[in-house]
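**Q** First the structure, then my questions, so here it is.
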């Protein structure tokens, strides 16, 4: 039975309301965004001026995570949930540079992401795009297009990068991660990042802005300790959980995150 409180899967493209994927595209310097997205991005910067730098740093974390999992742990299967719009250096491009045989599935419930992805990302037999929602992990992992490409009896890297803040508390994102991990074989990994702030005023202001702007297609800015719970039962890789801008970076290459209103917090956990 459908949950009457749950925001349904998207089926149409509404350019009059801001969209999280298009907002990220704008912050990353892309052109696949509209006036409503750009307006909300500018309003968001009033509350959190470091948001654009944070978006770039999160993308770099994704790149480092893929390389680490492919080169150091031999992972050759990747599932990117909440993939967002195609950008420079997509997951399959990074993964296949590290491991030419790497198979990559992108999953999203945004119709614009699906439309662009299927045109631009399905360029080989090693890449696929599926319509799915993290709030339905069992259905997501059972998608025929996914199971044709990924062997779920072998380790898979699931990427939940900058997506869980789109999941409201009522959907229990920690439980969703546990349900997803329970269907993965030992030796699989989950790379997770989530917007957090220690400042209650920032959490409230940004969450309120995004809820109103996106007609409820938003979850919450959370506290770091809330995100710690997402890794329950997983073996967290060094250097542990924290600001992903500093995850496995050299001191000379780290962005200056001191004084930021919020950060992307997370890391990588191994299924045991």
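The values are calculated or read from the model by the stated rules, or taken from the named source; none is laboratory data. Note that the structure is a prediction, hence the values are computed from the model and not measured. Using ideal geometry, Cβ is built from the backbone for each residue, glycine included, and neighbour counts are taken over all protein chains shown.
**Q** So, in the range 128-145, of the ones that are within 18 Å of residue 92 (Cβ to Cβ) and over 18 Å from the mean Cα position of the chain (by Cα), which residue ends up surrounded by the fewest Cβ atoms within 10 Å (Cβ to Cβ)?
**A** Looking at residues that are within 18 Å of residue 92 (Cβ to Cβ) and over 18 Å from the mean Cα position of the chain (by Cα), I get 145.
**Q** What residue, of 235, 228, is surrounded by fewer than 21 Cβ atoms within 10 Å (Cβ to Cβ) and assigned to a strand (DSSP E or B)? Walk me through how you get there before you give the answer.
**A** On the way: 228 fails: assigned to a strand (DSSP E or B).
On inspection, the qualifying residue turns out to be 235.
**Q** Hey, residue 253 hits all of (1) over 18 Å from the mean Cα position of the chain (by Cα); (2) closer than 23 Å to residue 136 by Cα; (3) at pLDDT below 95 but one; which does it fall short on?
**A** Condition (2) is where residue 253 drops out.
**Q** Also, quick follow-up: For residue 33, which of the numbered conditions (1) under 30 Å from residue 154 (Cα atoms); (2) surrounded by 18 or more Cβ atoms within 10 Å (Cβ to Cβ) fails to hold?
**A** Result: residue 33 fails condition (1) only.
**Q** Looking only at the range 182-209, count how many residues are in contact with a helix residue (DSSP H, G or I) (Cβ under 8 Å, 6 or more places away or on another chain), closer than 15 Å to residue 44 by Cβ and either part of a strand (DSSP E or B) or without any contact (Cβ under 8 Å) to a residue 12 or more places away in the chain (or both).
**A** Result for the range 182-209: 1.
**Q** Can I ask one more? Please name all residue pairs, on different chains or six or more residues apart, with Cβ atoms under 6 Å, provided the first residue is in the range 31-49 and is over 19 Å from residue 206 (Cα atoms) and the second residue is assigned to a loop (DSSP other than H, G, I, E, B).
**A** Short answer, once both residue conditions are applied: 32/85; 34/15.
**Q** Out of all the residues in the range 109-141, which are under 18 Å from residue 24 (Cβ atoms) and either in contact with a strand residue (DSSP E or B) (Cβ under 7 Å, 6 or more places away or on another chain) or free of Cβ contacts under 8 Å to residues at least 12 places away in the same chain (or both)?
**A** 109, 114, 117, 121, 129, 134
**Q** Same structure, new question: Restricting to the range 146-181, name every residue that is part of a loop (DSSP other than H, G, I, E, B) and surrounded by fewer than 22 Cβ atoms within 10 Å (Cβ to Cβ).
**A** Within the range 146-181, the subset part of a loop (DSSP other than H, G, I, E, B) is 150-156, 162-163, 167-168, 172.
Matches in the range 146-181: 150, 151, 152, 153, 154, 155, 168, 172.
**Q** In the set 75, 105, which member is assigned to a loop (DSSP other than H, G, I, E, B), touching a residue at least 40 places away in the same chain (Cβ under 8 Å) and touching a strand residue (DSSP E or B) at 6+ places or on another chain (Cβ under 8 Å)? Full working, then the answer.
**A** Values: 105 fails: assigned to a loop (DSSP other than H, G, I, E, B).
Criteria check complete, one pass: 75.
**Q** If you don't mind, there's one more thing I want to ask. For residues that are under 23 Å from residue 21 (Cβ atoms) and assigned to a helix (DSSP H, G or I), scanning just the range 78-102, find the one that is farthest from the chain's Cα centre (by Cα).
**A** For the range 78-102, the residue satisfying everything is 96.
**Q** Just a yes or no: is a residue in the range 157-174 in contact with a helix residue (DSSP H, G or I) (Cβ under 6 Å, 6 or more places away or on another chain) and farther than 16 Å from residue 194 by Cα?
**A** Within the range 157-174, one or more residues are in contact with a helix residue (DSSP H, G or I) (Cβ under 6 Å, 6 or more places away or on another chain) and farther than 16 Å from residue 194 by Cα.
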